[in-house]
Amino acid sequence: MLRRTFSVDEANAALPEIRRLTERIVERSRRLPELHEELRIRTYRSRRPGATEGDREAATFAAADLRRAEADLTEDFRELGRAGVELKDAIGGVVDFPSVREGRLVELCWRVGEPEVSHWHPVGGGYRGRQPLP
């Protein structure tokens with residue numbers, strides 16, 4: 001299956017939506033460990049001797065919060081995929097746009113906090129191998 005490729009201008013035109021999704025993914029990804037820990041604590045409290053109905057309800061609510069956050073994150077990943085880009089780092093907010101440069105497939109690289117797409121790297125080159133666009 002052929003992947004869509006982006007020119008630099010097309011990547012920058014798509015950036016407002018990609019930025020919105022990626023920032024949301026970063027926020028949600030950073031929150032997941034906190035939700036896991038909350039569920040662990042609530043579950044422990046609900047299973048100890050003397051646990052109350054309130055303890056059990058709190059564990060149920062914590063589990064639901066975690067499931068909802070994971071489902072929301074999954075949907076954000078899908079939206080990015082439908083946009084034709086690839087999330088490379090959910091915590092750091094790194095996204096690659098497939099592109100063609102000098103006749104070969106490359107990736108335009110953008111990271112949350114950068115004002116525009118201004119770097120590229122060979123496919124598989126990763127964030128460390130990125131180079132500024134001319």
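We did not get these values from a lab; they are worked out from the coordinates using the rules stated. What you are looking at is a predicted structure, and each value in this text was computed from that prediction instead of being measured. Neighbour counts are summed over all protein chains in view; Cβ atoms, including those assigned to glycine, are modelled from backbone coordinates with ideal geometry.
Whole Å is fine, so just give me how far the alpha carbon centre of region 67-134 lies from that of region 17-36.
Cα centroid of region 67-134 versus Cα centroid of region 17-36: 15 Å apart.
Mind telling me which of GLY103, GLY81, GLY113 comes out most flexible in a GNM of the chain, alpha-carbon contacts under 10 Å?
For the chain, modelled as a Gaussian network with Cα springs under 10 Å, the answer is GLY103.
When the chain is modelled as a GNM with alpha-carbon springs shorter than 10 Å, which of ALA64, ALA90, ALA14 fluctuates the most?
Result: ALA64 has the largest fluctuation of those listed.
What FRET efficiency comes out for ALA83 versus VAL123 if R0 is 22 angstrom and r is the Cβ-Cβ distance? Round to the nearest 0.05.
On the way: r = 18 Å, r/R0 = 0.83.
According to the calculation, E is roughly 0.75.
Search the structure for amide H atoms under 5 Å from the amide H of ARG101, placed 1.01 Å from N in the peptide plane, and list their residues when 5 or more places away or on another chain.
Those lying under 5 Å, H to H, from ARG101 are VAL106.
Would you work out the Kirkwood radius for the chain? I mean one over the mean of 1/r across all pairs of different Cα atoms, in Å.
Numbers: mean 1/r = 0.0596 Å⁻¹.
Hydrodynamic radius (Kirkwood, Cα only) of the chain equals 16.8 Å.
To make sure I understand, if each residue's beta carbon is the centre and we count other beta carbons within 10 Å, what order do SER118, SER46 fall in, fewest to most? Don't skip to the end; give the middle numbers.
Working: SER118 15, SER46 18.
Placing the least packed residue first, the sequence is SER118, SER46.
By how many degrees, 0 to 90 and rounded to 10, does the Cα axis of helix 8-47 deviate from the longest principal axis of the chain?
Once rounded, the angle reads 20 degrees.
I want to check the label-to-label distance for GLU116 and PHE61. Put each point 7 Å from Cα in the C-beta direction and report it in nm to one decimal.
Those two pseudo-labels are separated by 4.8 nm.
Residues of region 1-20 with the amide nitrogen closer than 12 Å to a label point 7 Å from the Cα of VAL100, along Cα-to-Cβ, please.
Under cut-off, by backbone N: 3-7.
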